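Reviewing the structure listed below.
Rule-based calculations on the coordinates, nothing more; no lab input. What you are looking at is a predicted structure, and each value in this text was computed from that prediction instead of being measured. Here the Cβ positions follow ideal geometry from the backbone for every residue, glycine too, while neighbour counts run over all protein chains shown.
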Amino acid sequence: MQKRLYILSNRLPLTIEKEGAAYTYRQSSGGLISAVGAYLNKEGKEDFAEKYWVGVPGCTEKVWNSVPDKENGDYKYVPVFVNNKTYDYYYNGFSNSLIWPLFHYFPSYADYRQSYFDAYLEVNRTFAEQMASVLKEDDIVWIHDYHLLPLAGLLRNKFPNLTIGFFLHIPFPSFELFRVIPKRWQREILSGMLGADLIGFHTADYSRHFLNCVEKIFDIQHDGDFILRDNRKIKVSALPIGIDYEMFNNAYNDIEVIKKRAEYLRLKQDKKLIFSVDRLDYTKGIYNRLKGYDQFLKQNPEYVGKVVFALVVVPSRDTIGKYAEKKKDIDEYIGDLNSRYGDIGSQPILYQYGHLSFDELVGLYTACDLALITPLRDGMNLVSKEFIATRKDKHGVLVLSEMAGAAHELNNALLINPNDYYEIADKIKYGLEMKPEEQERRIMAMQKQVEENDVNSWAKQFFYQMKEVKDIQGRLHPK
Ligand code: G6P
């Protein structure tokens, strides 16, 4: 018999926005939404009796009800309403001013405030209470990401036998970093995560770090991938997330994408085109990327006027000080670089601060000669996988930071250390001059990897392992 599935994440896949006097909505951005959404819209369509996506809509109940036609054929939205101040402390505060910087190895950016932690717990409790009124013990609940670390534990207290999965979309740091969090918060966070039956991470390193923290903080030994806590088996697993390979690969031949590609190819004329796209985030290494590009132009003056870098930065979390500061630094650096190497007729950087449509995104992925992706730390990095998938023509070069989770799988990329501007410069040059045969060989190897491990196989593996844990628990405690 098919079960009901509840996906829980901070953000709903749609964001409500004000347009003039009225409200409208757009698709939310970020890896979590696009990956899980893609699975639910395709292969996951038939796997469950009913599907729900639970999250904060970013507006009041009144506004939510006033926006027409926001239904989705694949799943129902379940909005969780939270008052503005609490949401601010939970989202901008604890989630994005403590966990995000710390888990991405920026401890000096972390802001430790009890009021943030209190709001964080309050929002997680609001989710748990709302879920308690609709859940049945045989439903499947899949909780996503760092905003909801305590939630599995809160639900477990109410539903001892519920199937609960948790997946972390960002890195899990080593114990040496995790331990800087006040002890009582550490324990709440880990206990919360351990409320799940299956806890998934992108890489084996993140899983190992988590197991190590559990061992050190609770003195619980693990047996391979399994932990026994309160007489309940819990599995910890490395399950690297994938993308909707088919959609990105087929997009190469979409009429609208072809039009966009032609537009960008006209724009670049006979120059080489480098492309990158990220949310504005200090973890993404945008500033370092500019330094690497600057170094490349410095070392190779013959390329000035023969190469153009299309840099797209998508607005994100702009009410947080550190994000606004980075924007200023990036804007200034681009102005400076363009003034040093450009003139009225030609600029070495074309900069867009805004959202891209799908057609524009794939148009740029497929028009460029080189994708330059240089995060200082990234849980996975789906942009790199999307770029690879779109290149049906088997051309293009990927320069990728070894600090991205994706670097484990995409080892045919030109890997760089994002703090080494000279290495970035050298790899840009090598990439721009790479022979077509080598491009093809590398792209094909990476396409095979990205196709085989797409988002559907990721989600199916996750559900398979959840069932496996439940079976083991059933054998431990027969009814
Ligand atoms: C990352 C996180 C997601 C988040 C996304 C966008 O990918 O792992 O949970 O949704 O960034 O960030 P935002 O703060 O806009 O939701």
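Couplings 3J(HN,Hα) for the range 458-463, derived from phi with the Karplus relation 6.51 cos²θ - 1.76 cosθ + 1.60 (θ = phi - 60°), are 4, 5, 5, 4, 4, 5 Hz, where x marks Gly and Pro.
Using the Cβ of S115 as centre and a radius below 13 Å, the other residues enclosed give a net charge of -2, where K and R count +1 and D and E count -1.
In this simple spin-label approximation, N253 and K394 carry label points 7 Å from Cα along the Cα→Cβ vector, and these lie 1.6 nm apart. The residue among L432, N419, L194 whose Cα reaches farthest toward the positive pole of the charge dipole of the chain, with charges on the beta-carbon of Lys, Arg, Asp and Glu, is L194.
What shape does the chain take by its C-alpha gyration tensor, where a ≥ b ≥ c are the square roots of the eigenvalues and a/c under 1.5 counts as rounded, a/b above b/c as prolate, and the rest as oblate? Here the chain falls in the prolate category. So what is the calculated 222 nm ellipticity per residue for the chain, using -39500 (n - 2.57) for each DSSP H run with n of 4 or more, over all residues, to the nearest 500 deg cm²/dmol? When only DSSP H runs of four or more count, the value is -13500 deg cm²/dmol. Backbone amide hydrogens, once placed in the peptide plane, bring N72 within less than 5 Å of Y77, excluding anything fewer than 5 places away on its chain. Could you pull out the trypsin sites (Lys or Arg not before Pro) across the range 344-419 that fall in loop regions by DSSP (anything but H, G, I, E, B) with no more than 16 other Cβ atoms inside 10 Å? For trypsin sites (Lys or Arg not before Pro) across the range 344-419 that sit outside H, G, I, E and B with at most 16 neighbouring Cβ atoms in 10 Å, the list reads K392, K394.
For the pair H408 and S66, the difference between a 0.36 nm per residue extended length and the Cα-Cα distance amounts to 118.6 nm.
With 31 Å as the limit on Cα-Cα distance, the pairs of K260/K327; K3/K394; K76/K394; K291/K385 that go past it are K3/K394; K76/K394. In the structure displayed, which of K271/K448; K42/K85; K70/K326; K45/K467 lie more than 26 Å apart, Cα to Cα? Going by Cα-Cα distance, K271/K448; K42/K85; K70/K326 fall outside the 26 Å limit.
For the chain, the longest principal axis of the alpha carbon atoms and the long axis of helix 436-452 meet at an angle near 10°.
Toward the positive end of the charge dipole of the range 68-136, with +1 on the Cβ of Lys and Arg and -1 on the Cβ of Asp and Glu, the farthest Cα among F117, N96, Y75 is that of F117. Taking the Cα centre of the chain as reference, the dipole from Cβ charges on Lys and Arg (+1) and Asp and Glu (-1) amounts to some 620 debye.
Placing dummy labels 7 Å off each Cα toward the beta-carbon, the span from Y77 to A324 is 2.8 nm. Between A262 and D336, the simple spin-label model (points 7 angstrom out along Cα→Cβ) gives 4.1 nm. Taking 0.36 nm per residue of separation and subtracting the current Cα-Cα distance, fully stretching the chain between D223 and R4 would add 75.7 nm. For the range 39-81, the set of GluC sites (Glu not before Pro) satisfying both a DSSP loop assignment and a count of at most 15 other C-beta atoms within 10 Å is given as E71.
Summing Lys, Arg as +1 and Asp, Glu as -1, what charge do residues with Cβ under 10 Å from the Cβ of K284 carry, K284 excluded?
Details: positive: R279, R289, K326, R377; negative: D278, D281, D378.
Net charge around K284: +1.
Extension gain for the segment E246 to D118, taken as residue separation times 0.36 nm less the Cα-Cα distance, is 41.8 nm to one decimal. In this structure, the amide hydrogen of R229, modeled 1.01 Å from its nitrogen in the peptide plane, lies closer than 5 angstrom to those of I234, counting only residues at least 5 positions away or on a different chain.
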